[in-house]
Structures are given as structure tokens and as C-alpha cells.
Amino acid sequence: ILISLIVIFFWVITPAISLVIFLIVASHHFGKEDTQFLIIENSYLNQLLFFLKGSLIVFTPMYFHFDETISIFKLLLIDNESFYEILNIIETNKILLYGIILSTLSSIILFAKNFEIKRFTIFFDYFSIMIINYCFSPLVAFTIYFCFLHSVRHSISLMFELDKNDLTTGLKIFTKKAFPLTILTAIFCFVGLYLLNNTYNFDSSILKIIFI
């Protein structure tokens, strides 16, 4: 709770810097959580490769739908013209494309190191992220990725942690533990949506809730 309050405080005081830090942390998180079940070695190089692989989640929506992504940032209280000028320079100079290329190379390296058939999952992730971000708006693309690629895999790994010998038992324990938190989260979402809808339009309120 204290960490959450600190994040909120810094987001209000310096939203642009907070967003950049958030995107960096998110890139490492998604890259690591989607790949570490394939790679046990915990080296600094692997951490860097995880970060670069996960950065695809950040770069692709900005590359394919730059203006829509900027609109999302503005709805998140990012009202810093210098920040948007920097983003425009990044977009104009094709730095986003270079970021995607680096992420592609990291996926190839992770795939090739100590090759195993199951590592084809890395390319399944890569092409899925590219396709959904090309076809859909940033919010829809991220929702599809988060719910059907990232979270499903993460949930299955948690079920195995709860019971390594029987996935069915792990599923039952996981469901029992997750259900109350899911209900509580849903209640907070509806309350937050009601409060935000008094100040913002419905679409903006939905976007803020989903982002959180």
C-alpha cells in the first residue's frame, strides 16, 4: 500500500518521468515473465535480453499507432510538451523501428542459446505481438496480449508452483486464492469508473481504469 501511494505521489508530481520508469519496468517484467520458464540462467546478459524482448510491447503500439498512443498518454495526466516533442523526434528519426529491430535480435539470441524445441514459443510471442498491434488499436492489442498470452501463461506457472504433481489441484487452489481478489478488484473498478465518469467522458474513464 505504501509503495502504491508513493507511485501515485510521484505520478502526480512528475507524470512524464514516472511513465518512462513504468514503461522500462514493464518492458523487463513482460520480457522476463514470458521467457524465464524457458531459460534458467540468471545472468546480466539474460536480464538485458529480457528487457529488450519485452520492450516490443512498448515499441509496437507507438510504431503502428503513434497518435493513438500519444492520446492515451495525455489521458494519463501526461501534460508535458517537452515530453511529446522528444517522442515526436523519436518517431521522426525511426528510433522506434530501431527499438523493434533490437527486440527482434534479442528474441533470436534467446531462441538460439542452448536451443530447444520449446523455445519456438519466443517467436510465437514475437509474431503475435506484432500482428495484434498492427491490426488493432493500442488498448485492444494490449488487452489481447495481457489476457490471452501473458496472464494465461503466468497463471499456469503459478498453478504448477502450488502443486507440481497435479495441475488440477493447482488450478483449484489458484482459483480459490484468486477469486476473492478478483471480486475485490472488480468492485474497485466499478467504483473508480463511477467516480471518474463524473469528471471525464465514459471512454476516457474506461481507459484510465484498464491502464491501472
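The values are calculated or read from the model by the stated rules, or taken from the named source; none is laboratory data. Given the structure is predicted, the values throughout are model-derived calculations rather than measurements. Here Cβ is always computed from backbone atoms with ideal geometry, including for glycine, and neighbour counts include all displayed protein chains. We work out accessible area using only protein heavy atoms, side chains counted, and drop any ligands, DNA or RNA first. Shrake-Rupley method; radii C 1.70, N 1.55, O 1.52, S 1.80 Å.
Which of the following residues is out of contact with any strand residue (DSSP E or B) (no Cβ under 8 Å at 6 or more places or on another chain), open to solvent by less than 70 Å² (accessible area, probe 1.4 Å), in contact (Cβ under 8 Å) with a residue 24 or more places away in the chain and not in a helix (DSSP H, G or I): Leu38, Leu49, Leu19? The conditions single out Leu38.
In the list Phe160, Phe142, which residue meets the criterion of being within 30 Å of Phe50 (Cβ to Cβ) and either charged (D, E, K, R) or within 21 Å of the chain's Cα centre (by Cα) (or both)?
Values: Phe160 fails: either charged (D, E, K, R) or within 21 Å of the chain's Cα centre (by Cα) (or both).
The conditions single out Phe142.
Across the range 1-23, which residue is nearest to Tyr126 (Cα to Cα) among those that are of a type in the set (A, V, I, L, M, F, W, C) and touching a helix residue (DSSP H, G or I) at 6+ places or on another chain (Cβ under 8 Å)? First the steps, then the outcome.
Residues of the range 1-23 of a type in the set (A, V, I, L, M, F, W, C): 1-3, 5-13, 16-17, 19-23.
Right, trim to touching a helix residue (DSSP H, G or I) at 6+ places or on another chain (Cβ under 8 Å) and you get 7, 10-11, 16-17, 19, 23.
On the way: Val7: 30, Phe10: 33, Trp11: 30, Ala16: 28, Ile17: 28, Leu19: 24, Leu23: 18 Å.
Taking the candidates together, the pick is Leu23.
Considering only residues of the range 123-137 that are of a type in the set (Phe, Trp, Tyr) and without any contact (Cβ under 8 Å) to a residue 60 or more places away in the chain, which is least open to solvent (accessible area, probe 1.4 Å)? Filtering first and then ranking leaves Phe123.
Within the range 97-194, considering only helices (runs of 4 or more DSSP H) that don't extend past its boundaries, which have at least 1 residues that are touching a Ser or Thr at 6+ places or on another chain (Cβ under 8 Å) and aromatic (Phe, Trp, Tyr)? Give the derivation first.
On the way: elements: 120-135, 138-145, 151-162.
Counting at least 1 such residues, we get 120-135, 138-145.
For the range 168-180, which residues satisfy the criterion of being loosely packed, with under 14 Cβ neighbours inside 10 Å and under 26 Å from the mean Cα position of the chain (by Cα)? Thr175, Lys176, Lys177, Ala178, Phe179, Pro180 - these are the residues of the range 168-180 that are loosely packed, with under 14 Cβ neighbours inside 10 Å and under 26 Å from the mean Cα position of the chain (by Cα).
Return the residues of the range 73-96 that are among the aliphatic types (A, V, I, L, M) and on the phi > 0 side of the Ramachandran plot; say none if nothing qualifies.
As a first pass, look at the range 73-96 and keep what is among the aliphatic types (A, V, I, L, M): 75-78, 86-87, 89-90, 95-96.
Across the range 73-96, the qualifying residue is only Leu77.
Scanning the range 88-106 for residues that are within 18 Å of the chain's Cα centre (by Cα) and among the aliphatic types (A, V, I, L, M) returns Leu96, Ile100, Leu102. Being open to solvent by 70 Å² or more (accessible area, probe 1.4 Å), assigned to a helix (DSSP H, G or I), in contact (Cβ under 8 Å) with a residue 40 or more places away in the chain and not aromatic (Phe, Trp, Tyr) is a description that applies to Ile210. Checked against the criterion of being among the hydrophobic types (A, V, I, L, M, F, W, C), touching a Leu at 6+ places or on another chain (Cβ under 7 Å) and surrounded by 14 or more Cβ atoms within 10 Å (Cβ to Cβ), the range 192-203 contains not a single residue that satisfies it.
For residues in the range 76-96 being open to solvent by less than 50 Å² (accessible area, probe 1.4 Å) and part of a helix (DSSP H, G or I), which is nearest to Ile8 (Cα to Cα)? Talk me through it step by step, then tell me what you get.
The first filter runs over the range 76-96 and keeps only residues open to solvent by less than 50 Å² (accessible area, probe 1.4 Å), leaving 76, 78, 83-84, 87, 90, 96.
Narrowing the set further to residues that are part of a helix (DSSP H, G or I) leaves 83-84, 87, 90, 96.
Numbers: Phe83: 19, Tyr84: 21, Leu87: 23, Ile90: 27, Leu96: 28 Å.
Here the answer is Phe83.
Can you say whether Ser4 is assigned to a helix (DSSP H, G or I), over 13 Å from the mean Cα position of the chain (by Cα) and of a type in the set (S, T, N, Q), as far as the supplied structure shows? It would help to see each step written out before you state the result.
Details: assigned to a helix (DSSP H, G or I): yes; over 13 Å from the mean Cα position of the chain (by Cα): yes; of a type in the set (S, T, N, Q): yes.
When the stated conditions are applied, Ser4 passes them.
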